[in-house]
Amino acid sequence: MTAFADVLLRGLNLAGQAIAIGGVAFALIVLWPGSRRVWLLLAIGAAGVVVTQCLLLITLSIALGPAPDWHARELLATSYVRASLLRILAGTGLVVGALLASSRLRLRWVLLIGSALVLIVAGVWTSHAAARSGHRATLMTLDALHQLAAAVWVGGLAHLLVAALAPAERPWSPQILHRFSTLALGAVAMLIVAGTGLTLGYVDGIHALLGTAYGVMVLTKIVLLVGLLALGAANFFAVRRFSAARPVSALPLRRFVEVELGLGMTVLFAAASLTSLPPAIDVVADRATLGEVATRFTPRVPAFTSPTIDQLPVDDPNAPRTDADRAWSEYNHHVSGLFVLLMGSLAVLHVSGIARWARHWPLVLLALAAFMLVRNDPGAWPLGPQGFWGSMAEATVLQHRAFVLLVVLFGLFEWMVRTHRLRSPRWPLVFPLLCAVGGGLLLTHSHASLNLKSEFLVEVTHAPLGVLGIVIGWARWLEVRLAAPSDRLPGRVWATGMTMFGVLLLLYRES
């Protein structure tokens, strides 16, 4: 749990860094000398860096155990803690610089640019590059350029949407769009070059790329980046078609920029997940073979037979996993896949205009929740020896029950949205946001602790599920935000994606 919290905090930290540094670049190059919204958003991002960096240090102290087991003086002597304190100081400098009343003060720009550079350099000292014995300077330089480019691009998108542009009913400034487009193009080029160098330095060939958790996360990040580049390219050429002589109304472009920003933030969380894993080049003994990985993705007939409770070690929750445990898990995934496949098929019928009644597909979630309640915890009520209330004392069971309740609530909520019982234009955005965030969290959690081969082979199938969740979420977002009944492509994309999600669950295997 501590490791998962650490990854989430790192992701939020990178997001705050992107908004802060991207704001400096945006004000300096795109919207000189900035605006009130730019400075406010920049300050919020920098404050996020300060808060999350402090929480990361607290998480580190918790992971180390009780205070008698370690000494503050020894901890302060480590490069990680010193770099973290420097990042807190730099984040504070960015907040102060953003909130200075007079933009004419040279001190503001000295403070902003200096703090941004310190934030990047200190961040490199908390990365894998700082711990390398070979090619250390090269890797640290590439890491700094990679972080800077990502912050300028993704953070700049946030400022483009929130801080600099007019409300949706008013036109955008072609000059701002052209300047940002040029800035983003340079950042993307730097991002790709630096990222390629880091991949070559940390991943030693195809076997490491496909046989380690680090390698699979790199592949996932590349897939997301390709989608992000496709959207960015479409937006780039759309901007180039605008006339610089007059303002333009660009609602579709605005919506695609929203999706580009969402994907960019997801890539930052994937990058945060990489920092918690040992580089693929260092993983040799626990590296899975290409054949072992391929086996996990080889289709086979779903198993709809389940072991009995007597075959499971329900009396010892800490017992090693057995073949019966894996069979139980596969059965759960396969039946859940049937429910998701049914939802996706109904959604396809609805968005295609074939069956209006198919809009009631969210009610299938109620049946899925009932199945999960029965099967999630075999040692607890209603199948296991533990009673309903007694089993709630276990954290895992409590989490599962809470998740079941959320599925029920979400199913009813989305059904009310689909049947227009909830009419606010903001309610339909809940479903795509949950899908996108859920897919991102699945990616963040899709690596094995200590990179053990057995755990990695179980979780390697989570990567495509996470990517599909992200595609479903942002395609639905476009369908809602574009509000163009004549364009059914986004609807077909997310509905088809949900169907494919169900198919992948049907093909899920742990053996």
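The values are calculated or read from the model by the stated rules, or taken from the named source; none is laboratory data. These numbers come from a predicted model, not from an experiment. Cβ sites come from the backbone with ideal geometry, for glycine too, and all protein chains shown count toward neighbours. Areas reflect the complete protein model, heavy atoms only, side chains present, ligands, DNA and RNA absent. Shrake-Rupley method; radii C 1.70, N 1.55, O 1.52, S 1.80 Å.
General observations
- Within the stretch 125-155, the residues that satisfy the criterion of being in a helix (DSSP H, G or I) and over 28 Å from Ser181 (Cβ atoms) are His128, Ala129, Ala130, Ala131, Arg136, Ala137, Thr138, Leu139, Met140.
- Close Cβ contacts (under 6 Å, 6 or more residues apart or on different chains) running from residues in the stretch 214-236 that are more than 26 Å from Ile281 (Cβ to Cβ) and modelled with pLDDT under 90 to residues that are among the polar types (S, T, N, Q) and open to solvent by less than 40 Å² (accessible area, probe 1.4 Å) comprise Phe236/Ser181.
- In this structure, Trp427 does not satisfy being in contact with a helix residue (DSSP H, G or I) (Cβ under 9 Å, 6 or more places away or on another chain), open to solvent by less than 20 Å² (accessible area, probe 1.4 Å) and either of a type outside the set (Gly, Ala, Ser) or in contact (Cβ under 8 Å) with a residue 24 or more places away in the chain (or both).
- Restricted to the stretch 242-261, and to residues there that are at pLDDT below 55 and closer than 29 Å to Leu433 by Cβ, the residue that is nearest to the chain's Cα centre (by Cα) is Ser249.
- Residues of the stretch 294-316 classified as assigned to a loop (DSSP other than H, G, I, E, B) and surrounded by 15 or more Cβ atoms within 10 Å (Cβ to Cβ), total: 7
- Leading residue by the ranking (modelled with the highest pLDDT) among those in the stretch 67-101 that are of a type outside the set (A, V, I, L, M, F, W, C) and open to solvent by 80 Å² or more (accessible area, probe 1.4 Å): Arg82
- Each residue in the stretch 354-386 was checked for being assigned to a helix (DSSP H, G or I), free of Cβ contacts under 8 Å to residues at least 24 places away in the same chain and open to solvent by less than 60 Å² (accessible area, probe 1.4 Å), and 3 pass.
- Test result for Ala319, loosely packed, with under 15 Cβ neighbours inside 10 Å, closer than 22 Å to Ser511 by Cα and more than 28 Å from the chain's Cα centre (by Cα): yes
Yes/no per residue for (1) within 21 Å of Ala130 (Cα to Cα); (2) free of Cβ contacts under 8 Å to residues at least 60 places away in the same chain; (3) of a type outside the set (Val, Ile, Thr):
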| site | (1), (2), (3) |
| --- | --- |
| Arg10 | yes, no, yes |
| Gly16 | no, no, yes |
| Ala20 | no, no, yes |
| Ala25 | no, no, yes |
| Gly45 | no, no, yes |
| Val49 | yes, no, no |
| Arg82 | yes, yes, yes |
| Leu85 | yes, yes, yes |
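- Val49 at negative phi and at pLDDT 95 or above: yes
- Selection from the stretch 457-501 of residues that are free of Cβ contacts under 8 Å to residues at least 12 places away in the same chain and not in a loop (DSSP other than H, G, I, E, B): Leu489
- The conditions of being crowded, with 20+ Cβ neighbours inside 10 Å and in contact with a strand residue (DSSP E or B) (Cβ under 8 Å, 6 or more places away or on another chain) are not met by Val351.
- Qualifying position, being under 21 Å from Val467 (Cβ atoms), hydrophobic (A, V, I, L, M, F, W, C) and open to solvent by less than 30 Å² (accessible area, probe 1.4 Å), among Leu274, Leu290: Leu274
- Residue that is surrounded by the fewest Cβ atoms within 10 Å (Cβ to Cβ) [pool: residues in the stretch 104-138 that are more than 24 Å from Leu94 (Cα to Cα) and touching a Leu at 6+ places or on another chain (Cβ under 7 Å)]: Arg132
- Each residue in the stretch 270-301 was checked for being over 27 Å from the mean Cα position of the chain (by Cα) and acidic (Asp, Glu), and 0 pass.
- Qualifying residue in the stretch 202-223 (condition: assigned to a loop (DSSP other than H, G, I, E, B), surrounded by fewer than 22 Cβ atoms within 10 Å (Cβ to Cβ) and over 25 Å from the mean Cα position of the chain (by Cα)): yes
- Subset of the stretch 1-22 [modelled with pLDDT under 95 and of a type in the set (Gly, Ala, Ser)]: Ala3, Ala5, Gly11
- Some residue of the stretch 387-396 being modelled with pLDDT under 90, closer than 28 Å to Arg10 by Cα and in a helix (DSSP H, G or I): yes
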